[in-house]
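What follows draws every value from the coordinates through simple rules; no lab data is involved. Worth saying up front: this structure is predicted, and the values here are computed from it rather than measured.
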Amino acid sequence: MKTRCILLVFLALAAGGWAAGPAAPDRFFAALAMTKAQKNSSTPADSGLYLRDAQGAWQHYGPRILGVAGLAVHPKDPNVILIASADGVVRSADGGRTWRKTTGWEVADVRSIVFELATPGRAYAATAWGPLRSTDSGATWQLAQAGLPKLYSQAVLADRAKSGRVLLGTEDGIYLSKDAAQSWSRVASSPATTVLRLAQSGADPRLLLAGSQGRGAWLSHDSGRTWAPTDAASAAANLYAVALSPHDPAAMAVGGWGAGVRVSADGGRTWTDRTAGLPVKNVFVLAFDPGVKGRLWASTFEEGTFYSDDLGRTWQDGGLYGAYGFDFIFVPPAR
């Protein structure tokens, strides 16, 4: 009988049952500047990255540098972290204990940064002076401008389903690279304006959403090869925020200055204003929480961060009052 019990326990462990325990939660970061609190200063006194703890409190994380726009963590090595900032790319190779700048004096206004999932040694950055690429996990950077008639870029996305495939949001629409940012070509159907944000669905990698300056929201159902406008009510808005649910390809959201939060539950066919319950209609960041199914986060301009578990019908206070938000980043635990 004793031998049989031991065998049953062994089988349960091998099957990955109760003994494995719950999966570790994602780390949730916000990149922001506390602009509302600044006094007689040309720059915010408190900005950078903030990490949300298990009790819902936000703690400052990493170096205290201005203009932090985003964060990327190496998909295979969590010790390697890249920060996009107004002063260039700042890197840690020891899990955030120490940091150093890895771009030269000529690199400024880094707006977006990302690792390639399939080939994680590659990283890409969008800057106001053109895109950059790295082949050594962000330790060094090279210009990646071939094929770009205009260099200003705001958003960069590495296709998680295809190695070397990168999309870039520029002031002339969306550009595509099939060779790891060594050359670019314009996607003809993309909006002829500045593309402010790009997102790829975690539920369907073929589904992409873009927010633009003055031309509203755009959807792609073929991995960014073609684009079409969506949500007629925000078609002339500056949309700084876009989000796609990692659990449901039909759920998506857009937001912007004066546009509030608008959501779709049917893949972009219809859209609904979900701003009621928020203090202002100025929204700069949106993100679906991968760890809480259906939860949508929104960062308003200087009036706090909020979350909704019913696709924006009701909102709860998420803290960070006074912040001008730039991005939300969810970092999965190391595997």
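Pairs exceeding 25 Å between alpha-carbon atoms, taken from LYS36/LYS293; LYS150/LYS178; LYS76/LYS150: LYS36/LYS293; LYS76/LYS150.
Over region 33-331, the fraction of Cα-Cα pairs per 10 Å bin, rounded to whole percents and listed from the shortest bin up, is 7, 29, 38, 23, 3. Here the relative contact order of region 33-331, from alpha carbon pairs under 8 Å that lie six or more residues apart, stands at 10 percent. For the chain, the mean residue ellipticity at 222 nm estimated from helices alone is -1000 deg cm²/dmol, where every DSSP H run of n ≥ 4 contributes -39500 (n - 2.57) and the total is divided by all residues, rounded to the nearest 500. Semi-axes of the equivalent ellipsoid of region 83-189 are 22, 16, 10 Å, computed as sqrt(5λ) over the eigenvalues of the C-alpha gyration tensor in descending order. Each 10 Å bin from zero holds the following percent of Cα-Cα pairs in region 166-226: 25, 57, 18, 0. Available extension along the chain between ALA108 and VAL292 is 62.7 nm, counting 0.36 nm per residue and deducting the alpha carbon span.
The mean of 1/r over all pairs of different alpha-carbon atoms in region 249-299, once inverted, gives a Kirkwood hydrodynamic radius of 11.2 Å. In order along region 230-244, the Karplus-derived 3J(HN,Hα) couplings, from 6.51 cos²θ - 1.76 cosθ + 1.60 at θ = phi - 60°, round to 9, 6, 4, 5, 10, 5, 10, 8, 8, 9, 8, 10, 9, 8, 10 Hz, and Gly and Pro are given as x.
State the extension gain, in nm to one decimal, for the chain segment bounded by LEU143 and ARG313, taking 0.36 nm per residue of separation less the distance between their alpha-carbons. Extending this stretch completely gives an extra 56.8 nm.
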